[in-house]
Amino acid sequence: MPASQGEEQRFLARVERDERGGCYIPLPFDPNAAWGEKNRHHVSGTIDGRSWRGPVERMGEAFVISLGPAWVRDCGLDQKTGVTIALSPEGPQRRDLAPDIVLALDAEPEAGNFFFSLATFYRKGYLRWIDATKRSPEVRAQRIRELVELLKAGHKQRPEPRRKRRRPLEE
């Protein structure tokens, strides 16, 4: 059932209750095969026609969607009910990146894996920072190197640059 990377996955699934009043839905496919190798997949889509977005994470050997008690209550999901689900990966995927960024992330698999496990917000933030240098290839190359180092160090986002203090005007 896996589709090519980045394609929507549609399937029927069974809802399983958890001990805290929520539920989880085991995926009938391997998201790593469908969307690329990651520890966590940030996805969006629908669960029985209701919009949903969040992470798909490992639970033992399987990947699951976890839903909290309020979501289960408000949407009327029942353990014995089969639900129709459609999911797609969120945010920039490997195929959406500029070739120089892909090469840098491929050269450092640890950084690449961390980048693709980040939520869309963080991935887009890094890419905007790099794309702001389109007219300066040297600065772009430096920022890509810095991106790789930050990712290898486990930084979700770039630290804010320190601002210089203004000296008070002398009277």
Problem - Alpha carbon convex hull of the range 19-144, projected area averaged over orientations, nm² - result: 9.3
Completion exercise
Output row, site E37, 7 Å Cα→C-beta label point, backbone N cut-off 15 Å, window the range 107-122, residues 107-117
Fill in the blank from the handout: Expressed in nanometres to one decimal, the distance between label points 7 Å along Cα→Cβ at E160 and F29 is 4.2
Exercise for the section: Considering only lysines 8 or more places apart in sequence, or on different chains, count the pairs in the chain whose C-alpha atoms sit under 21 Å apart. Expected result: 6
Handout entry: In Hz, Karplus ³J(HN,Hα) per residue of the range 16-28 (6.51, -1.76, 1.60; θ = phi - 60°; x = Gly, Pro)
Key = 10, 6, 10, 6, 9, x, x, 8, 9, 10, x, 7, x
Fill in the blank from the handout: Once the dipole of the chain is set up from charges on Cβ (+1 Lys and Arg, -1 Asp and Glu), the residue from the list L150, G91, C75 lying farthest towards its positive end is L150
Exercise for the section: Calculate, for the chain, the solvent-accessible area per residue in square angstrom, rolling a 1.4 angstrom probe over the heavy atoms of the protein chains. Expected result: 64
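The values are calculated or read from the model by the stated rules, or taken from the named source; none is laboratory data. Every value quoted in this text rests on a predicted model; they were computed, and no experiment measured them. Heads up, the Cβs are rebuilt from the backbone with ideal geometry, glycines too, and the neighbour counts pull from every protein chain shown. Just the protein is used for accessible areas: all its heavy atoms, side chains included, with ligands, DNA and RNA removed. Shrake-Rupley method; radii C 1.70, N 1.55, O 1.52, S 1.80 Å.
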